[in-house]
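Derivation of every value follows stated rules applied to the coordinates shown; laboratory data play no part. Here the structure is a predicted model, which means the values were calculated and not measured. All Cβ positions, glycine included, derive from the backbone under ideal geometry; neighbour counts span all protein chains shown.
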Amino acid sequence: MRKMNKRATSIIFDGKRFDFHVLPIELFPDIQAFEKLIKHCAAKKYKEAHPDRERLPKGFNKKISIGISNIAEGSTGVEFSHIMAYGQQNICPTSEEGCFQAAIDEITSLIDSVSDEFSDIPEDYIPFFDKFGRGLQEGDTLIIRSSDNKTAKMDRKKRHIILTATKTPFTDEISAYGIVSNLDLENDKINVILSIDGIKSEVSIEKNLNEWAELNIENISYKLSQHKIYFEGIGRFNGKGKLMSIEEIKDLQIIDPLDIQARIEELSDLEDGWLDCGGRAISKCGAKKISDLFTRFYDDKLPLPHIFPTEVGNLQAEWSFKSKEVLLKINLETLGAECTIIDIERDSDEEHILDLSDEKDWSEFNSIILESSDEK
């Protein structure tokens, strides 16, 4: 008969995308990497506690099972139980189990101690962070809570601090807009320029160009070059965090030249002095909020605008129709906006004050664009 000792450790995924208490499948590799990190640390603990032993006990890692035993509400909490299973012939069950608990406690403490300028994670632990935390998106937080209530929080920023502390290359999830710089038709490669955290990198993506035929692009070498794209996948970065190559393609789309999210992200890279030594940089935080609001509330069946930066660091969107023009001056700090409808034929204008954080005002604005475009 087998005896089972069970102790629980929880990982809580916190952020907007976990509000429905559902764990995305894409985060499973993060959980597997966490298990491998625990087993590596536990083996190290055992060797330190038993310097007289040259090897780990046979099947050391197999005696510990780390699995999901509960998914709890309150963000998305995943409870792990590491179960110690052993029979009469096992020499040191208590010592082995203690090594795994000590490993979890140490990992929790080490992650908790990481600051903006310091990481004390042992170098042999770093490779495990290549996948542990890689599935986190901006705004996500991963919280580890050990069975004795020790806690540690990790997000994308902290993971990058850990990975770059040793200047070791690492991989990361990419979700970015870019442009096609040129095509290598002979080798089926697309060279693209992607902007990651404000750093532009040119990389090659292997893509069978015959797959683009469904887009009905004539003279592909001319039409596709310099076109805007949206890319999702896994990239390899150098030890300083610069994108060096593409490891995996998850999604690659040609997007409209006026794509709102791509244009706002492009403008958010502007720095102070962009306009003849004047011009204030656009708030990245404000730009992200406005981009998200357009995604959520702007009717995707409506025409896309031309978007420009303003000298004071805000945005202005412009729609041109046959007899009307619509200008939307957006304040990135307050999320307020001045909407001006210019009737060209009647030489008159009409103004509306909008709160872009209010869904009702977006409904009003969508109606303005629809009515204006109907006269196109």
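Would you please give the FRET efficiency between ASP269 and ASN149, computed as 1/(1 + (r/R0)^6) with r the Cβ-Cβ distance and R0 = 45 Å, to the nearest 0.05? Working shown, then result.
Numbers: r = 43 Å, r/R0 = 0.95.
So, using R0 = 45 Å, E works out to roughly 0.60.
Report the FRET efficiency, 1/(1 + (r/R0)^6), for ARG17 and SER357, where r is their Cβ-Cβ distance and R0 is 25 Å, rounded to 0.05.
Details: r = 20 Å, r/R0 = 0.79.
Using R0 = 25 Å, I get an efficiency of 0.80.
Under a crude label model (7 Å from the Cα following the beta-carbon direction), how far is PHE118 from THR295 in nanometres?
That separation, rounded to one decimal, is 3.6 nm.
Take GLU325, GLU364, GLU266 and order them by how many other Cβ atoms sit within 10 Å, fewest up front.
On the way: GLU325 15, GLU364 12, GLU266 18.
Listing GLU325, GLU364, GLU266 from fewest to most nearby Cβ atoms yields GLU364, GLU325, GLU266.
First measure r as the distance between the Cβ atoms of GLU364 and LYS242, then evaluate 1/(1 + (r/R0)^6) with R0 = 56 Å and state the FRET efficiency to the nearest 0.05.
Values: r = 44 Å, r/R0 = 0.79.
The formula returns an efficiency of 0.80 here.
Fewest Cβ neighbours within 10 Å first, please rank LEU183, LEU23 accordingly.
Details: LEU183 19, LEU23 16.
The fewest-first ordering by Cβ neighbours comes to LEU23, LEU183.
Starting from 0.36 nm per residue, how many nanometres of slack lie between ILE255 and THR334 once their C-alpha separation is accounted for? Walk me through the numbers on the way to the answer.
On the way: separation 79, 0.36 × 79 = 28.44 nm, distance 2.93 nm.
Length gained, ILE255 through THR334: 25.5 nm.
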